[in-house]
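Data first, discussion second: the structure below is written as structure tokens.
The values are calculated or read from the model by the stated rules, or taken from the named source; none is laboratory data. If you're wondering where the values come from, they're calculated on a predicted model, not measured in any experiment. Don't worry about glycine lacking a Cβ; one is built from the backbone with ideal geometry, like all the others, and counts go over all protein chains shown. Note: areas computed on protein heavy atoms with side chains; ligands, DNA, RNA excluded. Shrake-Rupley method; radii C 1.70, N 1.55, O 1.52, S 1.80 Å.
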Amino acid sequence: MRAARAVLAVTRKELVDGIRDRRSLGTLIFSSLLTPLLLGILLTTTAGSARGAEDLTLPVVGAEHAPPFVQWLGQQTGVRVVPGPADPEQAVLDRTEDVVLIIDADFMARMGRAQTADVKLVTESSRDAARPKIARVRALVGGYAGQLASLRLIARGVAPGIAS
């Protein structure tokens, strides 16, 4: 019982001293107001960059070489395919484009022979603002490749689940 009273007396004394100390009181008030504000700014900025990847304008060079692929890209949610710039590397370096997809001229011929068809992605990965868009385009290309692989397995009479 005495110990409890002693603890209460010390606790009360420390609370009164803490309230009297203007500097610690000011720090408490300042941090309690500033922390939610900083957290709100951080979350808004993060959500804004992710939203930029959802609405994607994708410049494609050589779209005429792979009409089914370009059509598939255009059907994806939030993706708008536009003709690519004459010089994709310079456009990315000049920051007029974040990402440019280049389709090789032999894309359809290689697809017809069931070979790997190359596409190139021109990016500047050091730009933080471009990273969500780059990741989205990579995921789209990978998704298309995965669908084609599954269809090729089905055409050969193999269940796609076996591959995974």
For LEU39, solvent-accessible area (1.4 Å; no DNA, RNA or ligand), Å²: 100 Å²
Whether segment 68-109 is rounded, prolate or oblate, judged on the alpha carbon gyration tensor where a/c under 1.5 counts as rounded: oblate
Whole-Hz couplings from phi, Karplus 6.51/-1.76/1.60, listed for segment 55-71; x for Gly and Pro: 9, 10, 9, 10, x, 10, 9, x, 4, 5, 7, 8, x, x, 5, 5, 5
Computed lengthening from ILE19 to LEU121, 0.36 nm per intervening residue step minus Cα-Cα distance: 30.7 nm
Relative contact order computed over the chain (Cα-Cα under 8 Å; 6+ residues apart), in percent: 17 percent
Where labels lie 7 Å past Cα in the beta-carbon direction, separation of THR11 and PHE30 in nm: 2.9 nm
Interchain or long-range residues, amide H under 5 Å from THR57's placed H: ARG80
Residue-averaged 222 nm ellipticity for the chain, from DSSP H runs of 4+ at -39500 (n - 2.57), nearest 500: -20000 deg cm²/dmol
